[in-house]
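One structure is given below, encoded as C-alpha cells.
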Amino acid sequence: MTKPALGVRVRRAVSRVLLVVGGVVTLVCVLLPIACWRDDVAIEKHLGQAVAQVDSVAFNRTVVRYATPDGRVIIPSQGVLYPAGLNVGDNVRVEYDQTNPELTRVAGRTAVLSLLPVGTFLVAVWIVIAAVVTVLRRFGTQV
C-alpha cells in the first residue's frame, strides 16, 4: 500500500481541523444560551426591579445605573443582559438578582433572545466549514 501524497495528507488534516473547530464552536454556541437561561433563573429566584439609566453603550457592554430599595446605587460591571435597542440617557426597567445585583437584565427580556443570533452564527459557521471541506475533497480527487 502506498502513502498518500503530501497534498492529500495536508487537505485531510485541514478538513479534520476545520471539523474539530466546528465542533468546539458548536459546543460554545450550545453553552451560551444555557448560561443565559441560568442567569435568568437566578434573577427570577430573587427578583428585584428598578428603573435604570443607561450610562454608556458599546459593542461589548451597555452600562446602566440604578438604585435598590435600600438606597444602594448599582452599576453592574459587566453591563446589563439583553441590551438591544438601548441608547445613552434612556430610562429602562430592569430586573436583578437581589442577592447579586451585578446580575441585571432589561425587564421582560430572557434567554430566548440569544437563540436567533447564536443559531444564525452557528449555521453560518457550518456553511463555511462544509464549503471549504467540500472544495478540499473535490480538489483532492482532481490531482
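The values are calculated or read from the model by the stated rules, or taken from the named source; none is laboratory data. The model shown is predicted, which means the values in this text are computed figures rather than measured ones. Virtual Cβ from ideal backbone geometry, glycine too; neighbours counted across all protein chains shown.
What to note about this one:
- Options G79, G119; residue that is surrounded by 12 or more Cβ atoms within 10 Å (Cβ to Cβ), of a type in the set (G, A, S), within 18 Å of the chain's Cα centre (by Cα) and under 30 Å from R11 (Cα atoms): G119
- Restricting G108, G71 to residues that are within 18 Å of V41 (Cα to Cα), in a loop (DSSP other than H, G, I, E, B) and modelled with pLDDT under 95 narrows the list to G108.
- Any hit, region 44-59, residues being part of a loop (DSSP other than H, G, I, E, B) and either among the aliphatic types (A, V, I, L, M) or exposed (fewer than 11 other Cβ atoms within 10 Å of the Cβ) (or both): yes
- First in region 69-82 and at positive phi, second anywhere and modelled with pLDDT of 95 or more and of a type in the set (A, V, I, L, M, F, W, C), Cβ under 7 Å, 6 or more apart: G79/V63; Y82/V106
- The residues listed here are V41, V112, V88, V51; of these, the one that is more than 22 Å from the chain's Cα centre (by Cα), farther than 30 Å from V8 by Cβ and without any contact (Cβ under 8 Å) to a residue 40 or more places away in the chain is V88.
- Residue within region 111-130 that is out of contact with any Asp or Glu (no Cβ under 9 Å at 6 or more places or on another chain) and under 22 Å from Q53 (Cα atoms) present: yes
- Subset tally (residues that are of a type outside the set (S, T, N, Q) and more than 16 Å from R61 (Cα to Cα)) for region 78-103: 5
- Matching residues, region 92-107, being surrounded by fewer than 13 Cβ atoms within 10 Å (Cβ to Cβ) and over 19 Å from the mean Cα position of the chain (by Cα): R93, T99
- Any hit, region 6-18, residues being of a type in the set (S, T, Y) and outside any helix (DSSP H, G or I): no
- Qualifying positions in region 85-105 - touching a strand residue (DSSP E or B) at 6+ places or on another chain (Cβ under 8 Å) and over 19 Å from E44 (Cβ atoms): L86, N87, V88, G89, D90, N91
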